[in-house]
Each structure stands twice: as C-alpha cells, then as structure tokens.
Amino acid sequence: MREFGETIFAEMSALAVRTGAVNLGQGFPDTDGPSLIADAAIEAIRAGHNQYPPGIGIPMLRQAIAEHQRHFYGIELDPAIEVLVTAGATEAIAASLLALCEPGDEVVMFEPYYDSYAACVALAGARRRVVTLRPPRYGFDPAELDAAITPATRLILLNTPHNPTGKVFSADELAHIARLAVEHDLLVVTDEVYEHLVFEGEHIPIATLPGMAERTLTISSAGKTFSFTGWKIGWITGPAELVAAVRTIKQFLTYVNGAPFQPAVAVGLGLGDDYFDAFTADMRAKRDLLCAGLAAAGFEVFVPQGTYFATVDIRPLGTDDGRAFCLALPERCGVVAVPNVVFYDNVDEGWHLVRFAFCKRTEVLEEAVTRLARW
Ligand code: PMP
Ligand code: GLN
C-alpha cells in the first residue's frame, strides 16, 4: 500500500488550516444539514441508543432506505436481506471490493476516479483497468471500455454522478455498460452518493436497467444527501447473496456503526420531496456562482451536470501543472483546491486539471472568486 500515502483531501485540508485559506478542496459542506435530523440524533443519544446496533443496521433505517429506492427509482427491496448499513460509502466500497474480488481479478473503472477505489482494489489484491473520461463532456470511448474487459474481469466499478468531473452518465452510456456486464457476466458496484445532486439530465441507477438488478450493488450515503459527512452513515443495496457477502466483510471492518445516527438518517430519508428539491436548487445556485467566477478569473470551466465539484483547465492562466498550481494557490490567492492528476493513472490526462468544491456558503464562494481573480 506504499504508493497510497496520505489522501489528497487530508493534505489539502491541512494546507487550508495552515494558511488560513478558503477551503474549496475537500468536499464537505460548511453548514449542517436539517436541524430536524440533528435533533433526532440528539434524542436518540438521550434515549439510550448508544450500544452496538444490529450488524445490518437498525430496521427503521433499512426500511427507510428501501422506501427511498422505491420512491425515487421504483426499485423494490426487501429491507431484511437486500439492504446493509455501512460506515459511510467508503466502507461500502471497501467491503464490496473485498467481498467480491479474489487476488488477480480485474476491476474496470473510469478515470479520474475517487481515490479510495484504487486503494480498495489494491487491498483486495485485485488489479484496476482504467478507461479515461475526457473533457469537455467527459464521455468515454466505447471501444476503450470494450477493450478493458478481459477474462480476468470480475466487476465494473461505476460512479454516477461522478466525482471529480461532475459528469452524470447518460441513459445510452449506462445501457452500453449494462450490455457489457450482462454479456460478460460481470458484477457492477455503483457509487451513487451524489444521486440528489443532479442539475442537468437525470440520475439513472444502473440497477434499474434490464438484467442489472441481479448483478448490481448500489451505494449511497447520508453524508452527501443530508450534509452530515462526519456521521459516516452509508448503505449498500442489491441482491441478497451479494449483500450477505458484503455483510460478512463488514463484520470484520467495523462490525457496526453509528447507533444514534441511524434513526436520525431514517428521519432524513423520510423527508418530503421539497427537501430534496431545495437541496438540489441551492447547490445549483452555488455551482452557477462558482463557475461564473472561475470563468471570469480566466479558467476554462467544465460546468458539472451534478455533484458539488467543478473542474477547470488551468492552462489559459499560463501554467499546466495542476499540482504545483494547487500548492501555490493558498499563498498567492488564499484558496485551496485539489489537483485532479491524483485521480488518474494516465497522468497526462489530468495534469492541467483542478477541482473546486462549491458546497460552501454563498459569501465564502464570493470571497473565493474575488481572491481567485488575483492569480
Ligand atoms: N464516493 C464518492 C464518489 C465520494 O465523493 C465520497 C466522498 N464523500 C465517498 C464515496 C465517501 O462517502 P462517505 O463519506 O459516505 O464515506
Ligand atoms: N469525498 C470528498 C471529496 O471528494 C472527500 C472525502 C474524504 O476526504 N475522503 O472531496
């Protein structure tokens, strides 16, 4: 695991603290989620929900997760055997790769990729095969994807809406991926933590495509949807035997997690559509503010269709080294961002790209764009 070192998010957040810069690096909101949800956690602590919860998660939360999948996507799940509560999406990703991959298996994934994917593939003793998403639309070359599938391929690891690019995979793209999965009898693990942050197009869970329900594990997290990233309540849903395999691994990673937060997240999942709509609308306004500011500062901006991240090409500013740029940015402008190159195997593809998070208060984003104009 030597190559993995410290995550870029820890490194850049430490840089922000050290320099007092505005932190648009690590993706966490600077305001809390609904007080109704926070109150439910406080009540749960006071009511004594402080010991180990059931290994698969409390029934109320599993029920709420199943209901959420039915309400938004028409996915029917048995909360007793097809839903597992995890310590954030991070554990769901780790446990599913450890459960489903044997040493030597190959995992096909898109780059740029969320950093824990590569680390967890390595932990499982598997090998990653990456297919590059290229700006401005961050599409993939179907022939490249087809060629990445080999007899050793075990699963396709998907992320939509996609971090760091903000891409939302289209119906056609998902259909292509699903066709390959069925044809080669592959499993799909799909990370959909930004499912409620789609500004253009529509979030389509790949599990809803023909032939996919029986081979797909779907992951999400309360961190993103309810702005409580520190609570680490995530979940994974899918066919009972795959969920059982993941549960076996989870037992030995964390055993259980977040007893008093589980009923609170169930309250969140039960909020009306107005909560989810307002959350998306608020983040869309923040996206527009940041992207306009980044464009005014001279960057080429790839306006994201979803998530709370925007990627820019820094070359119009006369430099092409994203990592050096991000290390200099706090001193020169008082802003922290993340160099996308760390999310690539093919470093040339991401050398000149930088990610800014916009899950921050309006005045913070305004201050950041004012500062960025000084570069
Ligand atoms: N997947 C993606 C794509 C992410 O951006 C993140 C970061 N929040 C995670 C997983 C991890 O989620 P959690 O904090 O719930 O572990
Ligand atoms: N997912 C968040 C991001 O991409 C960070 C989470 C973390 O620090 N691991 O910024």
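Things worth noting here:
- Estimated FRET transfer efficiency when R0 is 25 angstrom, pair HIS184-ARG137 (beta carbons, to 0.05): 0.45
- Volume per residue that the Cα convex hull of the range 257-375 spans, once the total is divided by residue count, Å³: 141
- With a simple spin-label model that places each label point 7 Å from the Cα along the Cα-to-Cβ direction, the separation between ALA47 and ARG70 comes to 2.2 nm.
- Potential extension, ALA296-THR7 segment - 0.36 nm per residue separation minus Cα distance: 101.0 nm
- 20 Å reach of a label modelled at ALA278, 7 Å along Cα-to-Cβ, counting backbone N of the range 209-244: 222-229
- Per residue, the Cα convex hull of the range 111-205 amounts to 95 Å³.
- The lysines whose alpha-carbon is closer than 19 Å to the alpha-carbon of LYS167, local same-chain residues fewer than 8 away aside, are LYS224, LYS286.
- Antiparallel bridge percentage (DSSP; both residues within the range 33-160; nearest 5): 10
- Antiparallel %, DSSP beta bridges [both residues in the chain], to 5: 50
- Gap separating the Cα centres of the range 265-281 and the range 120-136, nearest whole Å: 32
- Every pair of different Cα atoms in the chain enters the Kirkwood calculation, which places the hydrodynamic radius at 21.0 Å.
- Note that the range 142-289, at 37 °C in a medium of 0.692 mPa s, gets a Stokes-Einstein diffusion coefficient of 194 µm²/s from its Kirkwood radius over C-alpha pairs.
- Rounded to the nearest 5, the antiparallel percentage of DSSP beta bridges internal to the range 80-153 is 10%.
- Relative counts (whole %) of C-alpha pair distances in the range 252-311, using bins that are 10 Å wide: 19, 29, 23, 21, 8
- Residues of the range 84-101 with amide N under 18 Å of the 7 Å Cα→Cβ point at THR248: 84-85, 92-101
FYI, it's all coordinate maths here, none of it is from the lab. In this text the structure is predicted, and so the values were computed from the model without any measurement. Neighbour counts run over all protein chains shown; Cβ positions are idealised from the backbone, glycine included.
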